[in-house]
Amino acid sequence: MSRRLERSDYKQSADLLAPWLLGKIICRKIDGDILRLRITETECYLGESDTACHASHGKTKRNAPMYLEGGHLYVYLCYGIHSLINIVSGEEGSPEAVLIRGVEGTEGPGKASKKLSVNTSYSGLDLCSNDEIWLEDDGYIPEYRTDKRVGIDYSSAEDRERLWRFIAI
């Protein structure tokens, strides 16, 4: 039996939440049906001091959802094509998030968003109080490996080397 994730589940820092989200189920209500997909890959972004994080230059209109309390969505457009789903973590005012890089049956964050029919209009949505998209835990805990984050060539060498990508195996 699954339980819907609560606000307290999201209050941990992104580097702890990212591996913890592996195996959780992202649920999306589409045309009255509920699509449930297990999260298979995540990547964390840890606040303004992380040069790979969208908040590294401070708060903007685009990244404002990252400054909400954990349990909100931050969805942004990448390359003007792909909407990418991020789960905001931690306390309000501390911009951290976990990118959903993969769900069962897909590889890559753009394909995950497309499969879930999520676009930037969902940015800022509260995962704890809506019935369009939410996360559930059925107790499954996969083994995983870590790797370097992807597509962050603009960040510092130190931040490019961090093993903050988590992949279920």
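The values are calculated or read from the model by the stated rules, or taken from the named source; none is laboratory data. Model, not experiment: these values are computed from the prediction. Here Cβ is always computed from backbone atoms with ideal geometry, including for glycine, and neighbour counts include all displayed protein chains. To get the accessible areas, we keep the full protein, side chains included, count just its heavy atoms, and leave off ligands, DNA and RNA. Shrake-Rupley method; radii C 1.70, N 1.55, O 1.52, S 1.80 Å.
Just Val150, Val103, Val118 to compare: in a GNM of the chain, with alpha carbon springs under 10 Å, which one fluctuates most?
Comparing Val150, Val103, Val118 in a Gaussian network model of the chain, the most mobile one is Val150.
Compare Gly151, Gly102, Gly70 in a GNM of the chain, Cα atoms joined below 10 Å, and give the one with the largest fluctuation.
Result for the chain, Cα springs under 10 Å: Gly151 fluctuates most.
With every protein chain present, what is the per residue accessible area of the chain (1.4 Å probe, Å²)?
Values: 8190 Å² over 169 residues.
So the chain comes to 48 Å² accessible per residue, rounded to a whole number.
Exceeding 21 Å between C-alpha atoms, which entries from my cross-link table qualify? They are Lys29/Lys114; Lys24/Lys114; Lys59/Lys115; Lys61/Lys111. Don't skip to the end; give the middle numbers.
Working: Lys29/Lys114 14 Å; Lys24/Lys114 19 Å; Lys59/Lys115 29 Å; Lys61/Lys111 25 Å.
The pairs that break the limit, which is 21 Å between Cα atoms, are Lys59/Lys115; Lys61/Lys111.
So which chymotrypsin sites (Phe, Trp or Tyr not before Pro) in region 47-131 pass both tests, a DSSP loop state and at most 13 other Cβ atoms within 10 Å of the Cβ? Walk me through the intermediate numbers first.
Working: sites: Tyr67, Tyr74, Tyr76, Tyr79, Tyr122; in loops: Tyr79.
Those satisfying the criteria are Tyr79.
What residue among Gly32, Gly105, Gly71 shows peak mean-square fluctuation when the chain is described by a Gaussian network model with Cα springs under 10 Å?
Gly32
Quote the accessible area belonging to Glu6 in square angstrom, nearest 10, computed with a 1.4 Å probe and with ligands, DNA and RNA left uncounted.
110
Rounded to the nearest 500, what is the 222 nm mean residue ellipticity of the chain from helices alone, with -39500 (n - 2.57) per DSSP H run of 4+ residues and division by all residues? Before the final figure, lay out the partial values.
Numbers: 4 runs with 24 residues, N = 169.
Counting only the DSSP helices, I get -3000 deg cm²/dmol.
Just want to confirm a number: the relative contact order over the chain, from Cα pairs under 8 angstrom separated by 6+ residues, in percent. Walk me through the numbers before you get to the answer.
Details: 407 pairs, mean separation 49.8, N = 169.
Once normalised by length, the contact order is 29 percent.
Mind checking Rg over Rh on the chain, alpha carbons, Kirkwood formula for Rh? Show your work: numbers first, answer last.
Working: Rg = 14.5 Å, Rh = 15.6 Å.
That ratio is 0.93, to two decimals.
Relative contact order of region 1-88, please, whole-number percent, based on alpha carbon pairs below 8 angstrom and at least 6 residues apart. Intermediate values should be presented prior to the final figure.
Numbers: 105 pairs, mean separation 19.4, N = 88.
Taking the mean separation of contacting Cα pairs over the length of region 1-88, I get 22 percent.
Using a 1.4 Å probe on the protein heavy atoms, what percent of the accessible area of region 94-148 belongs to carbon and sulfur?
44
Can you pull the percent of region 9-86's accessible area that's carbon plus sulfur, 1.4 Å probe, other chains left in place? Let's see the in-between values first.
Values: 1750 of 3280 Å².
Accessible surface attributable to carbon and sulfur in region 9-86 totals 53 percent.
Across region 2-9, in residue order, what do the Karplus-derived ³J(HN,Hα) couplings come to in whole Hz, using 6.51 cos²θ - 1.76 cosθ + 1.60 with θ = phi - 60° and x for Gly and Pro?
8, 10, 6, 5, 10, 3, 4, 5
What is the dipole size for the chain, taken about its Cα centre, with +1 at each Lys and Arg Cβ and -1 at each Asp and Glu Cβ, in debye to the nearest 20? Don't skip to the answer; put the middle values down first.
Values: 22 positive and 27 negative charges, 84 e Å.
Magnitude of the dipole: close to 400 debye.
When the chain is fully extended, how far beyond the present Cα-Cα distance does Lys114 get from Asp131, taking 0.36 nm per residue of separation? List each step's numbers first, then the result.
On the way: separation 17, 0.36 × 17 = 6.12 nm, distance 1.86 nm.
Going from the current span to full extension adds 4.3 nm.
Please name which of Gly58, Ile81, Gly71 has its Cα lying farthest along the dipole of region 45-100 towards the positive end, using unit charges on Cβ (Lys, Arg +1; Asp, Glu -1) and the Cα centre as origin.
Toward the positive end, the furthest listed residue is Ile81.
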